Amino acid sequence: MRGRKEIIQQQFLNGVSAGKLRKIALAGAVAGCYAGWMDLLECDLPGIKKLRGGKVREVFDLGETLLIVATDRISAFDCVLPTAIPHKGEVLTQMSAYWFETLDFVSNHFLTANFSSFPNVLQPFKAQLAGRSMLVRKTRPLPVECVVRGYLAGSGWKDYQATGAVCGHKLPEGLLQASRLPNSIFTPAKKADTGHDENITWSQCRALLGDEFSHEVRSYSMELYEHGRAKAAAVGIIVADTKFEFGVAGDEVLLIDECLTPDSSRFWPQESCVPGGNPPSYDKQFVRDYLETLGWDKSPPAPALPQDVVEMTSQKYIEAFTKLTGRGLLTA
Ligand SMILES: Nc1ncnc2c1ncn2[C@@H]1O[C@H](COP(=O)(O)OP(=O)(O)O)[C@@H](O)[C@H]1O
Ligand SMILES: [Mg+2]
């Protein structure tokens, strides 16, 4: 089993340009004692108002702006596990930042992920924040999750088997699980504060958002997905589906939240994506496979993960990041 040091070194040896790096995890990994480097399961910043805590991310209110912190928490089967995945928060934040910087044909909320340019009030929290957090513009989030599907998976596959359609999109007969759809489809869901988001029809979406916003977020979502899908496919990662969120600031609609990460999307390794099979998750498969061996009933509390599963999973997240972005992971 490879240790964390080797995993990080491998990423380094994979051709990451040292010039691009502010600091690389190698520095922290060598002795495991680099001052600012730690796994993060909980994030509280005394004196800074927390707006909400999600399964993985924490959102803090800075007035005009928000601070979004990605912890190293991981969820599986809808439960948050008690074990941290090293560098997962950094991967999520820096992958979103990459897309926000490159998919700039849609306006988005991203301001910076560079800790040294964060406001003074945040400077005491470097160890918790650097590399895993971003400042964004505060918006009024639209109440719809903008899901785009390019492949038949999950609830879409179940829906297709039962009805021949996915969320009302009629599809050709004979498609298999993991088949690529003839055209990607937009399948919005109404955000639920508790429990699961609920799929809605296009006309329900228009009733909720109005015609103009509905058309806008649908075409933005389709375009973003297509760019992300193509970029990922070129490096051997299938983005089977993904979810975007949008918010309103003034009279502008902005892409908000996270963008094309393994937490907001279904990533599959291209080589195992065979129609008719159930492709493994690029990032979470070791975790799922392990949990399936336990006979756990998938209700909280979730079991802890053993070290080898943690290390292999961490490596997968870092691998997805470096492959997709061509960047080196910056750590505290
Ligand atoms: N720019 C923004 N303005 C307002 N709210 C935002 C913005 N970006 C993200 N959010 C909100 O932050 C929240 C993130 O929390 P959540 O999705 O529960 O976290 P997780 O994905 O870790 O479970 C979402 O409700 C999202 O709508
Ligand atoms: Mg979320």
Can you tell me how many residues within segment 77-96 are surrounded by fewer than 20 Cβ atoms within 10 Å (Cβ to Cβ) and among the small types (G, A, S)?
0
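Confirm whether R73 is within 16 Å of ligand 2 (Cβ to nearest atom) and surrounded by fewer than 23 Cβ atoms within 10 Å (Cβ to Cβ).
Details: within 16 Å of ligand 2 (Cβ to nearest atom): yes; surrounded by fewer than 23 Cβ atoms within 10 Å (Cβ to Cβ): no.
It is false that R73 is within 16 Å of ligand 2 (Cβ to nearest atom) and surrounded by fewer than 23 Cβ atoms within 10 Å (Cβ to Cβ).
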Where residues in segment 50-105 are of a type in the set (K, R) and in contact with a Gly (Cβ under 9 Å, 6 or more places away or on another chain), which of them is farthest from M222 (Cα to Cα)?
R73
Consider segment 263-287. How many of its residues are touching a residue at least 60 places away in the same chain (Cβ under 8 Å) and outside any helix (DSSP H, G or I)?
11
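Rundown of residues vs (1) at pLDDT 95 or above; (2) outside any strand (DSSP E or B); (3) within 16 Å of ligand 1 (Cβ to nearest atom), yes/no style:
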| residue | (1), (2), (3) |
| --- | --- |
| R206 | yes, yes, no |
| E212 | yes, yes, no |
| K231 | yes, yes, no |
| F244 | yes, no, yes |
| L260 | yes, yes, yes |
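Select from segment 119-167 the residues that are within 28 Å of I256 (Cα to Cα) and over 26 Å from the mean Cα position of the chain (by Cα) and write down the one among them that is farthest from ligand 2 (Cβ to nearest atom). Before the answer, list the steps.
Within segment 119-167, the first condition is being within 28 Å of I256 (Cα to Cα), and the residues that meet it are 119-157, 166-167.
From what is left, the residues that are over 26 Å from the mean Cα position of the chain (by Cα) are 120-121, 124.
Working: N120: 29, V121: 25, P124: 27 Å.
Among those residues, the one meeting the criterion is N120.
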Residue check, V121 against (1) in a helix (DSSP H, G or I); (2) among the aliphatic types (A, V, I, L, M); (3) out of contact with any Gly (no Cβ under 8 Å at 6 or more places or on another chain), all met but one. Which one?
(3)
With the structure loaded, tell me whether F213 is touching a helix residue (DSSP H, G or I) at 6+ places or on another chain (Cβ under 6 Å) and aromatic (F, W, Y) or whether it fails that test.
no
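The values are calculated or read from the model by the stated rules, or taken from the named source; none is laboratory data. Please read these numbers as outputs of a predicted model, since none were measured by experiment. Virtual Cβ from ideal backbone geometry, glycine too; neighbours counted across all protein chains shown.
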